[in-house]
Amino acid sequence: MGKITPRSEDYSQWYLDVLREADMFDYGPVGGTIIAKPYGWTLYENMKDALDKRFKDTGHVNAQFPLFIPEHFLRKEQSHVEGFSPELAVVTIGGGKELDEPIVVRPTSETIIGDAYSRWIKSYRDLPVLINLWNSVVRWEKRTKPFLRTMEFYWQEGHTAHATHEESWEEVMRMLNVYHAHGIEDCAMPTVRGRKSKNERFAGAISTTSLEAMMGDKKALQAATSHDLGQNFAKAFGIKYLDRDNTEKHCWTTSWGLSWRFLGGLVMMHGDDQGLRLPPKVAPIQAVIVPIFKTDVEKSVVMAVAERVFAQLKAADIKVKLDDREETPGFKFNDWEMRGVPVRVEIGPKDVEKNSVALARRDVPGKVGKIFVPQEGLAERVKTLMDEIHASLLGQADAFLKSNIHEVDSYAALKDAVQDGWALVPLTDDPAVDAKIKEDMQATNRNYPYDQTPGEWTCVVTGQKVTERALVSKAY
RNA sequence: CGGGGAAUGGCGCAGUUUGGUAGCGCGCACGGUUUGGGACCGUGAGGUCCCGGGUUCAAGUCCCGGUUCCCCGACCA
C-alpha cells in the first residue's frame, strides 16, 4: 500500500513519496533525467496553458528554435560562457564522424536567438520583437531532484528585443509580474518579487529579477526569473537597428523563464501529509465522482445517477472523472486525496433517495468538511466550491509565508532567523557579503524584494548604510 | 565533486554474521463473498538477488573492481 512519509519526519522523502503516489513521474534511464507521467505532465500542461495565455495577452508570440547550438556561439558573450561551460552537454560525433566544431545542446537559447535577431532586425519599425519558446534545455547538474533540478528540464524562455532601455526594463518587470499573477491567480502560490544580488545574477545579464516561493519546510525556491540583458547580447551578436534619425543602434534585450520546477514548488507549497493538494484551475481532474453501492440493484441505480451527475458537470466544463473502478469507496477516497483532486462527489443509495450528493473538499483535512447538497444545480455549486478552495489554498500559503519572514537587524539575529524561516535583513549588495553568509549559515541572498517599505538601515555585515533589505534563507 | 546510506519479483523489505533448492507483506491475474474512509477467503503468475571478475564441489551470502539511486554539503531554472 502506498505510504507517504510525514513531512516532519523527512521532508525530502515526503516530496518523493507524494510524486510517486500521485503517479506524476518515473526516473529516466540516464542519471538525472525523469519521465513526466501523464498525471504530472497534464498538470504541467495546464500550468503551461494558463501561462501561455498570459504571454499572448501581453503581445507575445511563440516560435521554436533548434536544440543544437554551434559551440562558438556560447563564447561570444564572456560571462555567459563562463557561467554555463561547466554544465554543458557537448556533441562531438555526428553520423559516426568526429565533428569539425563541437555542437552544444542548448542550456538556454540567448545565443542562438541573438544570432537570429541580428539577421531579423533592421529598423526601429521591426521593434519590439516579443518571442517565447516552449522547449526543454539540458544542464549537466551534479545533484538532481525530480522537477526541481533535472538534467533536462522543460520550461519556456522568452526573448525580446527593444529600442530603448526604458522599454526593455518595462518588459522585464511586466513579465516578472505575469509570473507573479500566474502564481497567485492560477496556482494559488504567493511569491516574493525582487531584484537578485550581483552575486546571483544570470550569466550575461546586467540585472536579474526573481520570484521566490516558500516551501512547506520554509526553504526558498527560485520560482521564475526575468533578466535585463542590457546591450550585452546585442553587442556580442550584432543585434542592431536603424533608428528614425538614420543612425545604427544596438538593441536592448531581455529574457525570462519559468520551468517545471514551478510544478515541484506547487507540490511543496500546497501538499500535506495526505499527499497532493491541487489548486482547481490547474488540476488535471477538478472533481471526481465516487459511486457507492452494495448490491447489484443499488449499483444500477447509483451508477445511473452518477452518470447523470457526470454529464451535468462535464457540460459545465468541469474536468470531471467518474471512478468506476472495482475498489472500495474508502480506497478511492484515499487514492484521490493523494492525487490532490480538489473536489470529491460521493453518490450512494441514500443520496439517490434524497436527490443529493456528498461533497468533500481537499483543502481541509480528509475526514471532515463533507457537506450534503442537492443534485440539482450541482455544477454551479462545484464551481463556487472550487473558487473557495483556490482562495483557501492561497490564504493558507500566504499566511504561512508572512508568518515565517522575520525582520532582523543584527548578524546574530540573522543567523537565528534562517534556522526557521526567512530573514528580511539590511544587506550591502556585495558578492563577498553573500559569500560570508553562505559560509556561516548555509543560507543565501534570495533577492531584494520590491514590495518593502522604504527606509534606511545599517548592513549587518559591512555596517554600511543601505536603503533596501534582502531576503535571506536556505534554499533549494 | 566530497561525506553518509542503499541496490533481492511492480513497490516495501527479510535472508548475508556462520556459503548448501530464493522468502514475506503489499500490488497484479482468476473465482467467490464484499463495498458510506485504505475489505476478505481461495487459487495463481511473476526473480539475470545492480554489473564484471575472482575464491569454492557449491556464491544473494566471501574477495577485488565498477555502476546506479537516495540523503547531507559545494554549483544551478
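Suppose we filter A:LEU401, A:LEU394 for residues that are aliphatic (A, V, I, L, M), modelled with pLDDT of 95 or more and closer than 19 Å to A:PRO280 by Cβ; which single one remains?
One residue alone meets the criteria, A:LEU394.
Within region A:236-265, can you find the residues that are away from RNA strand B (no atom under 13 Å from the Cβ) and within 30 Å of A:LEU394 (Cβ to Cβ)?
Scanning region A:236-265 gives a single hit, A:THR254.
When the residues of region A:13-31 are filtered to those that are free of Cβ contacts under 8 Å to residues at least 40 places away in the same chain and in a helix (DSSP H, G or I), which remaining residue is nearest to RNA strand B (Cβ to nearest atom)?
Among those that are free of Cβ contacts under 8 Å to residues at least 40 places away in the same chain and in a helix (DSSP H, G or I), it is A:GLN13.
Given the condition within 19 Å of the chain's Cα centre (by Cα) and buried (at least 17 other Cβ atoms within 10 Å of the Cβ), answer yes or no: does some residue in region A:53-62 qualify?
yes
Where residues in region A:32-52 are in a helix (DSSP H, G or I) and of a type in the set (Ser, Thr, Tyr), which of them is surrounded by the most Cβ atoms within 10 Å (Cβ to Cβ)?
In this case the residue turns out to be A:TYR44.
What are the residue pairs meeting all of these: first residue in region A:410-425, first residue acidic (Asp, Glu), second residue surrounded by 17 or more Cβ atoms within 10 Å (Cβ to Cβ), Cβ atoms under 9 Å, and 6 or more apart or on different chains?
From region A:410-425, the pairs are A:ASP416/A:HIS406; A:ASP416/A:VAL408; A:ASP416/A:ALA423; A:ASP420/A:LYS218; A:ASP420/A:HIS406.
For the subset of region A:2-12 comprising residues that are more than 10 Å from RNA strand B (Cβ to nearest atom) and closer than 20 Å to A:ASN334 by Cα, which member is surrounded by the fewest Cβ atoms within 10 Å (Cβ to Cβ)?
Among those residues, the one meeting the criterion is A:PRO6.
When you go through (1) of a type outside the set (A, V, I, L, M, F, W, C); (2) at pLDDT 95 or above; (3) touching a helix residue (DSSP H, G or I) at 6+ places or on another chain (Cβ under 9 Å) one by one for A:ARG139, which number turns out not to apply?
(2)
Within region A:131-168, how many residues turn out to be surrounded by fewer than 18 Cβ atoms within 10 Å (Cβ to Cβ) and among the aromatic types (Phe, Trp, Tyr)?
2
Has region A:177-188 got at least one residue that is part of a strand (DSSP E or B) and either closer than 23 Å to A:HIS60 by Cα or touching a residue at least 40 places away in the same chain (Cβ under 8 Å) (or both)?
Scanning region A:177-188, I find no residue that is part of a strand (DSSP E or B) and either closer than 23 Å to A:HIS60 by Cα or touching a residue at least 40 places away in the same chain (Cβ under 8 Å) (or both), so the answer is no.
Given the structure, is A:ALA188 touching a helix residue (DSSP H, G or I) at 6+ places or on another chain (Cβ under 8 Å), on the phi > 0 side of the Ramachandran plot, crowded, with 23+ Cβ neighbours inside 10 Å and among the aliphatic types (A, V, I, L, M)?
Against the criterion (touching a helix residue (DSSP H, G or I) at 6+ places or on another chain (Cβ under 8 Å), on the phi > 0 side of the Ramachandran plot, crowded, with 23+ Cβ neighbours inside 10 Å and among the aliphatic types (A, V, I, L, M)), A:ALA188 qualifies.
Would you confirm, using the coordinates I've provided, whether A:ALA287 is surrounded by 22 or more Cβ atoms within 10 Å (Cβ to Cβ) and within 13 Å of RNA strand B (Cβ to nearest atom)?
no
What's the number of the condition A:LYS281 fails, among (1) within 20 Å of A:TYR44 (Cβ to Cβ); (2) crowded, with 23+ Cβ neighbours inside 10 Å?
(2)
Could you please find all residues in region A:217-235 being surrounded by fewer than 18 Cβ atoms within 10 Å (Cβ to Cβ), more than 10 Å from RNA strand B (Cβ to nearest atom) and in a loop (DSSP other than H, G, I, E, B)?
A:GLN231
Please tell me if A:LYS474 is within 20 Å of the chain's Cα centre (by Cα), among the basic types (Lys, Arg) and within 14 Å of A:VAL192 (Cβ to Cβ).
In short, no.
Those residues that are closer than 25 Å to A:ALA205 by Cβ and in contact (Cβ under 8 Å) with a residue 24 or more places away in the chain, I need them from region A:82-102; list them, please.
Of everything in region A:82-102, those that are closer than 25 Å to A:ALA205 by Cβ and in contact (Cβ under 8 Å) with a residue 24 or more places away in the chain turn out to be A:GLU82, A:GLY83, A:PHE84, A:PRO86, A:GLU87, A:LEU88, A:ALA89.
Need at least 1 residues that are surrounded by fewer than 20 Cβ atoms within 10 Å (Cβ to Cβ), more than 7 Å from RNA strand B (Cβ to nearest atom) and touching a residue at least 12 places away in the same chain (Cβ under 8 Å) per element, so show me which strands (runs of 3 or more DSSP E) inside region A:303-390 make the cut, counting only ones lying wholly within it.
It comes to A:320-322, A:356-361, A:371-374.
How many residues does region A:61-85 hold that are farther than 20 Å from A:TRP155 by Cβ and within 13 Å of RNA strand B (Cβ to nearest atom)?
Residues meeting the conditions: 3.
Of the conditions (1) hydrophobic (A, V, I, L, M, F, W, C); (2) within 29 Å of A:LEU16 (Cβ to Cβ); (3) touching a strand residue (DSSP E or B) at 6+ places or on another chain (Cβ under 7 Å), A:PHE84 clears all except one; give me its number.
(3) is the only condition that A:PHE84 fails.
Does A:VAL129 fit the bill of being modelled with pLDDT of 90 or more, in contact with an Asp or Glu (Cβ under 7 Å, 6 or more places away or on another chain) and farther than 28 Å from A:SER12 by Cβ?
no
Counting only residues that are over 15 Å from A:LYS218 (Cβ atoms) and surrounded by fewer than 18 Cβ atoms within 10 Å (Cβ to Cβ), how many does region A:430-448 have?
Number satisfying all stated conditions: 8.
Output the qualifying pairs, or none if there are none: Cβ atoms under 6 angstrom, residues six or more apart or on different chains, first residue in region A:447-476 and in contact (Cβ under 8 Å) with a residue 60 or more places away in the chain and under 25 Å from A:THR225 (Cβ atoms), second residue part of a loop (DSSP other than H, G, I, E, B) and of a type in the set (A, V, I, L, M).
Going by the 6 Å Cβ cut-off, the qualifying pairs are A:ALA470/A:LEU427; A:SER473/A:ALA443; A:LYS474/A:ALA443; A:TYR476/A:LEU148.
Can you pull out every residue in region A:449-471 that is among the β-branched types (Val, Ile, Thr) and surrounded by 15 or more Cβ atoms within 10 Å (Cβ to Cβ)? Spell out how you get there, then give the answer.
First, the residues of region A:449-471 that are among the β-branched types (Val, Ile, Thr): A:453, A:458, A:460-462, A:466-467.
Of everything in region A:449-471, those that are among the β-branched types (Val, Ile, Thr) and surrounded by 15 or more Cβ atoms within 10 Å (Cβ to Cβ) turn out to be A:VAL460, A:VAL461, A:THR462, A:VAL466.
For A:LEU229, all conditions in the list (1) at positive phi; (2) at pLDDT 95 or above; (3) in contact with a strand residue (DSSP E or B) (Cβ under 9 Å, 6 or more places away or on another chain); (4) not acidic (Asp, Glu) hold save one; what is the number of the exception?
(1)
The values are calculated or read from the model by the stated rules, or taken from the named source; none is laboratory data. These numbers come from a predicted model, not from an experiment. We place every Cβ from the backbone using ideal geometry, glycine too, and count neighbours over all the protein chains shown.
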